[in-house]
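As structure tokens, the structure follows; a few thoughts come after it.
The values are calculated or read from the model by the stated rules, or taken from the named source; none is laboratory data. Bear in mind that the values here come from a model prediction, so they are computed numbers and not experimental data. Heads up, the Cβs are rebuilt from the backbone with ideal geometry, glycines too, and the neighbour counts pull from every protein chain shown. Side chains included, ligands, DNA and RNA excluded: accessible areas come from the protein's heavy atoms. Shrake-Rupley method; radii C 1.70, N 1.55, O 1.52, S 1.80 Å.
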Number of protein chains: 2
Amino acid sequence: MGTPESDPAGGTPRTRRAKRPTMEDVAARVGVSRALVSVVFRDAPGASRETREKVLRAADELGYRPDSAARVLARSRSRILGVMLTVRNPFHADLVEAIYPEAEQVGYDILLSAHAPTRHSHKAIEALLGHRCEALILIGPETDPAFLTEVVRQVPVVSVGRRFPDTGVETVHTAEAKGVRQAVDHLVALGHRDIVHIDGSRGAGSAERRRGYRKAMRGHGLAEAARVLPGDHTEESGAAAARRLLDEGTMPTAVLAGNDRCAIGFLDAVSRAGVHVPGDVSLVGYDDIPIARLSHIELTTVRQNVPRMAALSVRTALNRLEDPGRAPQEAVLTPELIVRGTTAPPRTRD
Amino acid sequence: MGTPESDPAGGTPRTRRAKRPTMEDVAARVGVSRALVSVVFRDAPGASRETREKVLRAADELGYRPDSAARVLARSRSRILGVMLTVRNPFHADLVEAIYPEAEQVGYDILLSAHAPTRHSHKAIEALLGHRCEALILIGPETDPAFLTEVVRQVPVVSVGRRFPDTGVETVHTAEAKGVRQAVDHLVALGHRDIVHIDGSRGAGSAERRRGYRKAMRGHGLAEAARVLPGDHTEESGAAAARRLLDEGTMPTAVLAGNDRCAIGFLDAVSRAGVHVPGDVSLVGYDDIPIARLSHIELTTVRQNVPRMAALSVRTALNRLEDPGRAPQEAVLTPELIVRGTTAPPRTRD
DNA sequence: AACGGAAACTAGAGCGCTCTACTAGAGCGC
DNA sequence: GCGCTCTAGTAGAGCGCTCTAGTTTCCGTT
């Protein structure tokens with residue numbers, strides 16, 4: 001017959017992968033019940049120190065690893081948080097990185113699902129739902145509100161950076177208007193009056209940034225000077241805006257970009273045209289993505305509080321889970337202007 | 001008592017989320033067995049057209065969605081491919097986007113796991129293993145080979161962009177040396193002789209790129225002229241290299257960056273210093289990330305065949321799954337030089 | 001009318017866990 | 001010696017699905 005013990009390690013050496021060991025195998029090896037092994041792996045009370053060690057050792061020898069699928073199925077709660085992101089977006093990447101430790105701290109696993117040109121956000125969300133996520137955190141979702149309304153019926157949904165009024169979706173976002181106001185105040189304090197805003201069109205937060213810009217300009221008696229250029233949240237649109245201003249000869253003394261990527265596109269395009277930042281034109285971005293900090297960019301920008309956004313997203317989801325009856329929350333974070341090297345007083349024209 | 005039917009929709013309206021419906025519920029509603037509903041959802045033969053429609057309709061009305069955990073548990077094969085990526089890396093994002101449709105085509109689901117400063121790659125891999133992935137695709141993994149050797153015992157592993165000799169890990173990567181040679185040939189053909197390479201240090205593929213560069217220079221009788229500057233695969237290192245060349249007054253006529261991000265950092269730093277690309281110095285990147293194509297960058301670069309890499313990663317994993325006995329494969333793809341706007345003949349010095 | 005066979009459908013045993021309810025035995029006060 | 005509590009451990013019923021091995025139905029044949 002052969003000893004059962006010799007099986008997992010040896011098996012048919014490399015031709016057939018050994019069947020993965022289960023709790024049963026670990027239990028048999030130690031000579032205890034399966035339930036006790038479960039206790040040990042869940043770190044639940046009810047096993048002696050000695051037993052714990054024996055079980056853990058046996059598991060290690062066998063190469064045992066708990067099966068998430070079985071675990072999720074057996075548990076009433078999955079302890080999984082689903083996170084949807086646009087995989088290309090560096091700001092999203094920042095958030096995801098911050099969400100991982102946050103979730104771990106409260107004992108939740110994270111399941112990632114990518115939204116991409118090749119993968120509709122509906123599909124990304126369905127996948128998360130199929131995996132029994134207890135709650136969803138959607139980063140800057142460009143999703144149909146009607147669809148979200150459906151999803152909210154099944155599971156708490158937190159949207160980061162974009163509001164979905166009257167859908168039951170919880171929101172964590174930055175006080176965009178406040179950030180823009182700080183930027184405009186800073187530019188005006190430096191002496192700028194001709195400040196152009198490159199719009200973010202349908203990008204997360206851009207409607208509020210646009211409104212905030214207009215309001216801030218008005219606040220400084222600069223309503224007449226306010227100018228909004230079409231654009232979006234990509235480098236390309238910043239470059240396009242730069243070219244347009246260059247071609248039309250209507251370059252202002254300062255530009256407030258829709259986000260950092262847009263700002264960087266702008267910066268690049270004007271630099272190559274021999275226009276200096278901040279000598280000829282000052283520039284402010286939005287988000288403070290890692291690249292903005294780089295020595296050769298040194299972008300003055302409005303920082304969103306990423307660690308706090310991550311923490312709040314997780315918290316909000318959990319709160320809703322604990323109290324499903326409560327009204328959807330909207331957490332608004334205060335942004336912070338980070339002054340770096342792309343802003344300076346305007347060149348005096350004489 | 002109450003009719004069971006009124007439960008799912010109504011329940012306790014908003015205070016308590018309705019328990020999610022199961023196959024049993026759908027079966028009961030249609031008046032068939034659970035097994036038949038399973039058949040319909042698996043798209044397996046054995047159900048009449050009429051029944052399929054009824055089942056699908058009932059499922060829709062109930063808001064039924066198959067439970068992945070239960071499905072995975074019940075199935076002998078999970079039909080899940082685990083993908084590890086560095087969430088910040090745009091090249092990784094490209095690959096992931098290409099992998100999704102590829103996996104879908106062969107009936108596999110994708111599970112993403114992020115490697116990040118806050119999350120060790122071991123942890124990312126463990127998570128995938130716990131979810132019973134049939135095979136792993138690791139994108140540019142910076143993982144300990146000894147650890148991977150262990151993992152390979154349990155499941156096929158495909159590494160994209162980085163080789164792990166003698167570990168049993170399958171590899172899909174680009175013929176780096178070939179790409180670099182094309183770049184050098186191009187520059188030499190333009191008349192360049194003073195071509196500097198900014199190194200990628202431990203980044204995926206950089207050792208081969210460095211060797212390829214030296215060899216290509218030698219091939220043109222330029223062994224003496226070969227110069228390798230320290231760097232890595234970030235914008236910052238490109239900018240640092242630029243500053244160094246600027247400061248030392250040793251700016252060559254052409255630069256071959258370790259990758260596109262590095263090239264962009266270089267481009268930005270020299271542009272701001274008033275040095276023109278390609279007028280004063282030509283520049284070639286590597287990867288052809290989306291940003292390289294932008295109108296204001298127009299980076300000449302070596303394109304890695306992303307769609308093909310994605311397809312091959314999936315294929316290689318499946319092949320190994322079908323024939324676990326075969327030796328680990330190494331798929332080498334041919335890169336392609338994309339000539340854009342950052343290369344030109346050197347300025348004639350007179 | 002009886003038969004054969006394909007198509008449509010069902011029963012029920014798992015998959016690998018968790019969790020509730022239970023038992024055994026040790027320690028302890030009176 | 002009795003009941004009591006506490007800790008360590010076990011039994012076994014699910015969780016929601018898949019899949020094998022049937023069973024039933026409904027044809028067209030002869």
The condition from (1) open to solvent by 20 Å² or more (accessible area, probe 1.4 Å); (2) more than 12 Å from chain B (Cβ to nearest Cβ); (3) over 25 Å from A:L81 (Cβ atoms) that A:E330 misses is numbered (3)
Mind checking which residues of the stretch A:146-166 are more than 14 Å from every other protein chain (Cβ to nearest Cβ) and under 19 Å from the mean Cα position of the chain (by Cα)? A:L148, A:V158, A:S159, A:V160, A:G161, A:R162, A:R163, A:F164
Total residues in the stretch B:32-62, condition within 30 Å of B:L321 (Cβ to Cβ), assigned to a loop (DSSP other than H, G, I, E, B) and within 11 Å of DNA strand C (Cβ to nearest atom): 4
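Being touching a His at 6+ places or on another chain (Cβ under 6 Å) and part of a loop (DSSP other than H, G, I, E, B) narrows it down to one of A:P324, A:P346, so name that one.
On the way: A:P324 fails: touching a His at 6+ places or on another chain (Cβ under 6 Å).
Of A:P324, A:P346, the one residue that is touching a His at 6+ places or on another chain (Cβ under 6 Å) and part of a loop (DSSP other than H, G, I, E, B) is A:P346.
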State which residue pairs qualify: first residue within 14 Å of chain B (Cβ to nearest Cβ) and inside the stretch A:37-50, second residue open to solvent by less than 60 Å² (accessible area, probe 1.4 Å) and near DNA strand C (Cβ under 7 Å from one of its atoms) in any location, beta carbons under 8 Å apart, and separation of 6 or more residues or different chains. A:F41/A:M23; A:F41/A:P66
Are there any pairs, at least 6 apart or on different chains, whose C-beta atoms fall under 6 Å, with the first in the stretch A:144-167 and at positive phi and the second small (G, A, S), and if so, which? A:G161/A:G140; A:G161/A:A204; A:G161/A:G205
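Quick check on my filter: what residues within the stretch B:64-121 are within 16 Å of DNA strand D (Cβ to nearest atom) and either of a type in the set (D, E) or at the interface with chain A (Cβ under 7 Å from one of its Cβ atoms) (or both)? Break it down stepwise before answering.
Filtering the stretch B:64-121 for residues within 16 Å of DNA strand D (Cβ to nearest atom) gives B:64-80, B:106-109.
Those that are within 16 Å of DNA strand D (Cβ to nearest atom) and either of a type in the set (D, E) or at the interface with chain A (Cβ under 7 Å from one of its Cβ atoms) (or both): B:R65, B:P66, B:D67, B:S68, B:A69, B:A70, B:V72, B:L73, B:D109.
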Spans of helices (runs of 4 or more DSSP H) in the stretch A:83-198 with at least 3 residues open to solvent by less than 10 Å² (accessible area, probe 1.4 Å): A:90-105, A:121-130, A:176-190
Within the stretch A:63-75, restricting attention to residues that are within 6 Å of DNA strand C (Cβ to nearest atom) and part of a loop (DSSP other than H, G, I, E, B), which residue is nearest to A:V160 (Cα to Cα)? A:R75
Being open to solvent by 30 Å² or more (accessible area, probe 1.4 Å) and not basic (K, R) is the filter here; which residues of the stretch A:280-322 pass it? A:D280, A:P290, A:I291, A:S295, A:E298, A:N305, A:P307, A:L312, A:N319, A:L321, A:E322
